[in-house]
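The structure appears right after this line, and notes come after that.
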Amino acid sequence: FRLQSQIKFALFSDKPLKTILITSALPSEGKTLCSTCLAMITAITLGKRVLLIDSDLRYPSLYRVFHLSNAFGLSDVLVDSWPVEKATRNTKLPNLRVLTTGTRPSNPSQLLSSSKMDDLLKSLGQEYDLIFLDSSPVLATPDASLLGMTASGTILVADGKRTRMKDLKRAAAKLEQANANIMG
């Protein structure tokens, strides 16, 4: 509930957040579940136009969650082989669309840190009230730190039973080094 309150505050503040990165220290700590739930809650209860982007180009998962094809998506948009209008797809929920990863690229970090990614997020920010980025884990790849520089806010997910405090602190430090705005 605290995160939902922070998101409400972020949406209705003088300078609203447009993009929220969801990451974790290590794999399997619940970041995809968290990003999916936050996107659904924001779309349903607040009636906001929400886009959920699978930005874990190495180990995608949102296509499975929403039972979508992953034949095209974010990586294809970034290399100009697919238009973003066709790559974003409806879900069964009103106000919620998903952009899967698409073709597995050989250079995920370069794509995610490119000016094309920045431009894409700015463009999508005009169409959607809020964009959630489901990212790779901070300690596993540089991708989340790179996206943390671009995202308006970052949520670092931890599993209360599995995440070790030292890993959580290292992940938070990496995000802070990237000047990520850690919301919680």
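Under 10 Å, Cα contacts only: if you run a Gaussian network model on the chain, which one of 151, 171, 71 comes out with the highest mean-square fluctuation?
Of 151, 171, 71, the most mobile in the Gaussian network model is 71.
What is the set of long-range amide H partners of residue 88 at a cut-off below 5 Å, with H atoms built 1.01 Å from backbone N?
none
Counting only heavy atoms of protein chains, what accessible area per residue, in Å², does the chain have with a probe of 1.4 Å?
50 Å²
Springs between alpha-carbon pairs under 10 angstrom, Gaussian network model over the chain: which of 80, 159, 54 fluctuates most?
The residue with the greatest mean-square fluctuation here is 80.
Taking a ≥ b ≥ c as the square roots of the eigenvalues of the Cα gyration tensor of the chain, is the shape rounded (a/c under 1.5), prolate (a/b larger than b/c) or oblate?
It is rounded, given that a/c, with a ≥ b ≥ c, falls under 1.5.
Given axes a ≥ b ≥ c from the Cα gyration tensor, I'd like to know whether the stretch 26-72 is rounded (a/c under 1.5), prolate (a/b larger than b/c) or oblate.
It is oblate, given that a/c is not under 1.5 and a/b is not larger than b/c.
Which loop-located trypsin sites (Lys or Arg not before Pro) does the stretch 85-159 contain, where loop means any DSSP state but H, G, I, E or B and the Cβ has at most 13 other Cβ atoms within 10 Å?
For trypsin sites (Lys or Arg not before Pro) across the stretch 85-159 that sit outside H, G, I, E and B with at most 13 neighbouring Cβ atoms in 10 Å, the list reads 92.
Where both residues lie in the stretch 33-168, what percent of DSSP beta bridges are antiparallel, nearest 5?
25 percent
Set the Förster distance to 35 Å, then compute FRET efficiency between residue 165 and residue 33 from the Cβ-Cβ distance, nearest 0.05.
E between residue 165 and residue 33, to the nearest 0.05, is 0.95.
The values are calculated or read from the model by the stated rules, or taken from the named source; none is laboratory data. Predicted, not measured: the structure shown is a model, and the values here were computed from it. Here the Cβ is made from the backbone with ideal geometry for all residues, glycine too, and neighbour counts use every protein chain on show. Remember, those area values only see protein heavy atoms, side chains included, never the ligands or the DNA or RNA. Shrake-Rupley method; radii C 1.70, N 1.55, O 1.52, S 1.80 Å.
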